[in-house]
Each structure stands twice: as C-alpha cells, then as structure tokens.
Amino acid sequence: MTDVNIMTGGPHENLSDDWQQLAGEWIGVDRGTLRLVKAGIKPILAVGDFDSLTASEFQLVREHVQKIEQVPSAKDDTDTELAVKAALTDFSADKVTLVGATGGRLDHFLSNLFLPLQPRFLDDIERIHLLDEQNHVDYYGPGTHEIQPLPGYRYVAVINLTPVTDLAIVGAKYPLKPWSAAYPYAWASNEFIGNEPFTVSWTTGQVAIIYSRDRIGQKVDN
C-alpha cells in the first residue's frame, strides 16, 4: 500500500499532535511545504503558487525539495486539488490523508471537505481522508460498510454530504432506520457500543464518517 500525506497551510494549532508519525510519503502544498521542511521532512513534491512565502522561505524550500511544481495564482484548480490529483495519478496512492486542511478560513475548509465529491475524484473517494487535532474524516460511496472504532475518538458522526437513499445505522449506540433525504444532514455525536463495530448502509449518495473527540484538557463531557 502506498500512503501519501498532503500538508496544506492550515493553522498549526489544528494539527494532530502525532502528524509527523504518519506513515508514507509527503506532498507539500504552498506554505505547508515550509512546515514540512522545518519539521525535517523531505516531501516528494511541492505544489502551489507559493505566494504565501517570502523570498527567503521559498529559497529554503528549493534547497530541500527536489521536485517543485510552481503554478500561477490564477488557475482553475486549487493547490490542494492539484496535490490530491498528483497523489492519486502520479504516485498511485492507495491512501491520501489531508493534514492542515481544516481550521482558519471557512471557505478553505469547505473546499477541502467537499473535494472528494468532485466527479474526477469520486471513484477514489474511499482513498481520501482528512485529519486534524480533534477529527478524522473518512468518505464512502453507496453500499454496506463496517465502521471500526478508532482509538482516542469517543464520538462518531454519519453525515450524508449529498442526497441519500435508505441510510441505515445498525449496532451503534443510536441506530437509524432506513432514511432518505434530498439534502445533506449530520447524524452527529453517535458512539460505539464498547469496542464493537457498527454497520452503515445506503443505496445512493456519498457519506462521510467523522470520528471526533473533545478538545484536549476537557474534564467533563459537553
């Protein structure tokens, strides 16, 4: 399996504490490349317009990254979209994890959250994941899926990002009988029963499974 992690330029405080321990190669997106270089990680590719870097910062990137794809600021694709495309096409990634893709500007976050729904990425939707300090996001297409507990995450949400048909949850703390809607909806704050997996199924639509945990230092539940 080929894992490719993509470091974007989101706020540092939103990064998971163990992001540097992620297995696989790295692609840097714009200022995210500088974050990798400063962490001692040599990305296999850097992509972006790099307009967020000073001249000296970009020089540091050039000294540590062998392959840099500098693109114009005005273009059809975002830098992150170009990075995901490269991970799937050029590096044949089996798993793509976006890091630093949440927090900060809401438009950037929503662009990243909905990125796997684009027709060009839809066939690979289950390969794409998002990770930050409090959340781990997986994507699924129609079918029956067994959702396994993830250590460190108490809560799990089932969110249809598109219209959905016959969405059902079996074996979780809060089950759901087959349900259909023409609009996105978040079945949030569900939980596993012990360490047992639960099953989610639906016939049409795209669904995100979001594992989440409360902020670090919180002593009681919300």
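When segment 180-208 is examined, which residues are found to be of a type in the set (S, T, Y) and either in contact with a His (Cβ under 8 Å, 6 or more places away or on another chain) or outside the structural domain of P149 (by TED's automatic domain parsing) (or both)? The answer is T199, S201. Residues in segment 141-161 that are polar (S, T, N, Q), closer than 12 Å to W202 by Cα and exposed (fewer than 15 other Cβ atoms within 10 Å of the Cβ): T144 alone. Look at segment 115-140: where a residue is closer than 12 Å to Q206 by Cβ and a partner is assigned to a loop (DSSP other than H, G, I, E, B) and among the β-branched types (V, I, T), sitting 6+ places away or on another chain with Cβ atoms under 7 Å, you get L117/T162.
Per-residue answers, yes or no, for (1) surrounded by 13 or more Cβ atoms within 10 Å (Cβ to Cβ); (2) more than 23 Å from T97 (Cβ to Cβ):
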{"site": "G171", "(1), (2)": "yes, yes"}
{"site": "K177", "(1), (2)": "no, yes"}
{"site": "S180", "(1), (2)": "yes, yes"}
{"site": "W187", "(1), (2)": "yes, yes"}
{"site": "I193", "(1), (2)": "no, yes"}
{"site": "T203", "(1), (2)": "yes, yes"}
{"site": "Q206", "(1), (2)": "yes, no"}
{"site": "I210", "(1), (2)": "yes, no"}
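Taking first residues from segment 59-81 that are in contact (Cβ under 8 Å) with a residue 60 or more places away in the chain and partners that are assigned to a helix (DSSP H, G or I), the Cβ contacts under 8 Å between residues at least 6 apart in sequence or on separate chains come to T80/S111; T80/N112; T80/L115. Residues of segment 118-144 that are within 16 Å of V158 (Cβ to Cβ) and either small (G, A, S) or more than 13 Å from the chain's Cα centre (by Cα) (or both): G141, P142, G143, T144. Against the conditions (1) touching a strand residue (DSSP E or B) at 6+ places or on another chain (Cβ under 9 Å); (2) in contact (Cβ under 8 Å) with a residue 24 or more places away in the chain; (3) in the same structural domain as G32 (by TED's automatic domain parsing); (4) not in a strand (DSSP E or B), G103 satisfies every one except (1).
Only one entry in A172, A181, A74 is of a type in the set (A, V, I, L, M) and within 29 Å of G32 (Cα to Cα), namely A74. Taking (1) surrounded by 14 or more Cβ atoms within 10 Å (Cβ to Cβ); (2) touching a strand residue (DSSP E or B) at 6+ places or on another chain (Cβ under 8 Å) in turn, F109 satisfies each apart from (2). Within segment 125-150, the set of residues being within 28 Å of H12 (Cα to Cα) and charged (D, E, K, R) comprises E126, R127, D132, E133, D138. When the residues of segment 126-177 are filtered to those that are modelled with pLDDT of 95 or more, among the small types (G, A, S) and in a loop (DSSP other than H, G, I, E, B), the one that is farthest from F109 (Cα to Cα) is G171.
Per-residue answers, yes or no, for (1) surrounded by fewer than 13 Cβ atoms within 10 Å (Cβ to Cβ); (2) touching a Lys or Arg at 6+ places or on another chain (Cβ under 7 Å); (3) basic (K, R):
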position: M7; (1), (2), (3): no, yes, no
position: G10; (1), (2), (3): no, no, no
position: D17; (1), (2), (3): yes, no, no
position: Q20; (1), (2), (3): no, no, no
position: A23; (1), (2), (3): yes, no, no
position: T33; (1), (2), (3): no, no, no
position: I41; (1), (2), (3): no, no, no
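The values are calculated or read from the model by the stated rules, or taken from the named source; none is laboratory data. The structure displayed is predicted, hence computed values, not measured ones. All Cβ positions, even for glycine, are placed from backbone atoms using ideal geometry, and neighbour counts span all protein chains on display.
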